[in-house]
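Working notes for the structure below.
The values are calculated or read from the model by the stated rules, or taken from the named source; none is laboratory data. Please read these numbers as outputs of a predicted model, since none were measured by experiment. Quick reminder, even Gly has a Cβ in these numbers, built from the backbone with ideal geometry, and neighbours come from all protein chains shown. SASA here: full protein model, heavy atoms, side chains in, ligands and nucleic acids out. Shrake-Rupley method; radii C 1.70, N 1.55, O 1.52, S 1.80 Å.
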Amino acid sequence: RGAAGRAVYSLLCSCVGDKMWTSAAFHDVTPNTAHMLLARIAGPDTPPGARGISLFLVPHLLPDGSPNDVEVVGLNKKMGHRALPNCAWSLGGGAGGATGYLVGEPHQGLSAMFQMMNAMRIEVGLWAAALGKRGLNESLLYAEGREQGGKRIIEHDDVKRMLLQQKERDVAEIQSRQSRCSRDAAAASCAAPPTRPRRVPDTPETWPAGIRRGLGLGLG
C-alpha cells in the first residue's frame with residue numbers, strides 16, 4: 001500500500017507507505033537500484049479503486065547521489081528461488097517521504113506496469129530457451145572431449161542415446177519457446193502483424209564434424 005503526494009512538478013512525487021514481496025530489492029551488486037512502484041496520488045481527483053493507481057520509479061540513490069528515504073523492514077519467507085531474497089520495505093519513514101518519479105500518465109499505473117511485466121515475461125522465455133540450447137551444446141562438447149575406455153564417450157552407445165534424446169526433447173522445446181517469444185514480442189510492439197520467426201538451422205549438417213563422427217551419423 002502506498003500514497004504519493006503531489007509535488008511542485010507533476011513528474012516528481014513524495015511517496016509514503018509500505019511495499020511487500022519485492023525480490024532482490026536491496027543489494028550491493030549495482031551501485032543503485034530502482035523500483036517500479038504502484039501507488040495512489042493523494043487528492044480529490046484520484047478515482048477510487050484500481051482506476052486511481054499510478055506507477056512510479058523509486059530509486060535508492062537520487063540523481064545528486066543522496067540516499068532516498070527507503071529502508072528494509074524485514075525478510076519474507078516464501079517458496080521459490082532461495083538465492084533471490086524477498087523482502088518488505090518502507091518508503092518515507094523520514095520527514096519528507098521517498099522521492100518517486102511518475103511513469104506514464106496519472107491513474108494509468110496498472111496499464112503501464114503490465115507493459116513492463118509482459119516485456120519481462122518475454123525476456124524470461126528467451127532466457128530459458130537460450131539456457132536449454134546452451135545445455136545441449138555443452139553436453140555435445142563435453143562428450144566429444146571426454147575419453148573413457150580408450151575412446152571418446154560420445155562414441156559409447158549409451159551416451160549417443162542420451163545425447164540424441166536430449167536433442168530430440170530440448171531442441172523441440174527450445175524452438176517452440178523461441179517461436180512463442182517472437183510472436184508475443186511482435187504482438188506487444190503493436191507494430192506489424194506477427195510473422196513467423198526465422199530459425200537458425202539446427203540439423204546434423206550444422207554440427208561440428210567431430211560430433212557427427214562420434215554419433216555415427218556418417219556425415220563428416
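Data overview
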| item | result |
| --- | --- |
| Residue that is nearest to the chain's Cα centre (by Cα), among those in segment 142-157 that are open to solvent by less than 100 Å² (accessible area, probe 1.4 Å) and without any contact (Cβ under 8 Å) to a residue 40 or more places away in the chain | Gly145 |
| Which numbered condition Asn137 misses (of (1) under 30 Å from Cys181 (Cα atoms); (2) open to solvent by 60 Å² or more (accessible area, probe 1.4 Å); (3) modelled with pLDDT of 90 or more) | (3) |
| Which numbered condition Ser111 misses (of (1) open to solvent by 60 Å² or more (accessible area, probe 1.4 Å); (2) in a loop (DSSP other than H, G, I, E, B)) | (2) |
| Strands (runs of 3 or more DSSP E) contained in segment 15-79 and holding at least 1 residues open to solvent by less than 40 Å² (accessible area, probe 1.4 Å) and in contact (Cβ under 8 Å) with a residue 60 or more places away in the chain | 34-41 |
| Selected residue [under 30 Å from Met20 (Cα atoms) and touching a helix residue (DSSP H, G or I) at 6+ places or on another chain (Cβ under 9 Å)] from Gly125, Gly97, Gly92 | Gly125 |
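Residues checked against (1) among the small types (Gly, Ala, Ser); (2) farther than 27 Å from Cys13 by Cβ:
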{"residue": "Val58", "(1), (2)": "no, no"}
{"residue": "Pro67", "(1), (2)": "no, no"}
{"residue": "Ser111", "(1), (2)": "yes, no"}
{"residue": "Ile122", "(1), (2)": "no, yes"}
{"residue": "Ser139", "(1), (2)": "yes, yes"}
{"residue": "Glu147", "(1), (2)": "no, yes"}
